[in-house]
């Protein structure tokens, strides 16, 4: 492993351990009566009950919420949540999106919040 690769790997690890609240727009709080998310406080409530997310699930949800209404490609999600060395591992996203939907969606098979853009990526849609 060369020095450039080592530096890139260290930066990727540091980026993944960074709290979403330290990123621009990190103070986002969302609430619609069913889903409440406080990114800075790392708190997710569904129908009044606190939901526990893994660190990766939380980073993925926070990234989607920080870019609400904008499609994030598979590559963007992989690079920002897992790091550049995972940009070809699209299955990671599918698995984690599935888990997130089962934790936060009223009906996971008909998602209301985390929307798929086929063959492109995903986006967070705020409830009306």
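Since every read-out is calculated from the coordinates, none of them should be taken as a lab result. Note that this is a predicted model, so its numbers are computed, not measured. Ideal geometry is used to build each Cβ from the backbone, glycine not excepted, and the neighbour counts take in all protein chains shown.
Results, tabulated for the structure shown:
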item: Ranked list, fewest to most other Cβ atoms within 10 Å of each Cβ, for 124, 34; result: 34, 124
item: Using a Förster distance of 22 Å, the FRET efficiency for residue 120-residue 99 (Cβ separation, nearest 0.05); result: 0.60
item: Ranking of 107, 85 by count of other Cβ atoms within 10 Å, fewest first; result: 107, 85
item: Simple spin-label estimate for residue 128 and residue 34 in nanometres, 7 Å along Cα-Cβ; result: 1.3 nm
item: Paramagnetic reach from residue 54 (point 7 Å along Cα→Cβ, amide N under 13 Å) across region 98-128; result: 98-101
item: Gyration tensor (alpha-carbon) shape descriptor, region 81-124, a/c threshold 1.5; result: prolate
